[in-house]
Amino acid sequence: MCYDIQTSLIALVVNIVTSIVLFIVAENKEKDANISNQLKAIALFFLFVGFIQFWDVIFWSYDATTKVNIYATKMAMIWNHLEPIVLALLIYIFIGKLTL
C-alpha cells in the first residue's frame, strides 16, 4: 500500500516491467533449464504479488463508501490470500514438485 495514487501507479508499472524483464531473461537462460524455470516462477509470482498495487489505485480513486471501493477491497483481500496458492502452483508448473 502506497501513500498516494501516483506512487501506487509507479509501483505497479515498475513491478510489471521488471517482472516481464525477469521472465524474458529466464527464457534466454538455455544453459540451465532448472534455473530458468525457477526464475520464471519467481517472475510470475512477483508479478502476481505486485499487482496488488492495481487494487491500491482503485482504493485511491474512489471514496471508501462507494460500491467500487467496497468490492475492490474484497477482491484485494481474496487476491492477497491467493498468494501462497499461486506460489505453490507456479512451483508445481515450472519446477514440477512441491517439497519442503
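From the list 49, 17, 86, which one is within 14 Å of the chain's Cα centre (by Cα) and loosely packed, with under 12 Cβ neighbours inside 10 Å? Outline the logic, then answer.
Details: 49 fails: loosely packed, with under 12 Cβ neighbours inside 10 Å; 86 fails: loosely packed, with under 12 Cβ neighbours inside 10 Å.
Among 49, 17, 86, only 17 is within 14 Å of the chain's Cα centre (by Cα) and loosely packed, with under 12 Cβ neighbours inside 10 Å.
Looking at residue 11 and the list (1) of a type in the set (A, V, I, L, M); (2) in contact (Cβ under 8 Å) with a residue 24 or more places away in the chain; (3) under 29 Å from residue 96 (Cα atoms); (4) buried (at least 17 other Cβ atoms within 10 Å of the Cβ), which single condition is not satisfied? So residue 11 meets the others, but not (3).
Among residues that are of a type in the set (A, V, I, L, M, F, W, C), in contact (Cβ under 8 Å) with a residue 40 or more places away in the chain, over 20 Å from residue 4 (Cβ atoms) and open to solvent by 50 Å² or more (accessible area, probe 1.4 Å), residue 42 is not included. Give me the residue from region 23-35 that is surrounded by fewer than 17 Cβ atoms within 10 Å (Cβ to Cβ) and closer than 15 Å to residue 91 by Cα and, out of that set, nearest to the chain's Cα centre (by Cα). Applying the filter and picking the extreme gives 35. Within this structure, residue 10 fails the test of being of a type in the set (A, V, I, L, M, F, W, C) and within 24 Å of residue 78 (Cβ to Cβ).
The values are calculated or read from the model by the stated rules, or taken from the named source; none is laboratory data. Just so it is clear, the model here is predicted, and its values are computed rather than measured. Neighbour counts are summed over all protein chains in view; Cβ atoms, including those assigned to glycine, are modelled from backbone coordinates with ideal geometry. The accessibility values were calculated without ligands, DNA or RNA, using every heavy atom of the protein model including side chains. Shrake-Rupley method; radii C 1.70, N 1.55, O 1.52, S 1.80 Å.
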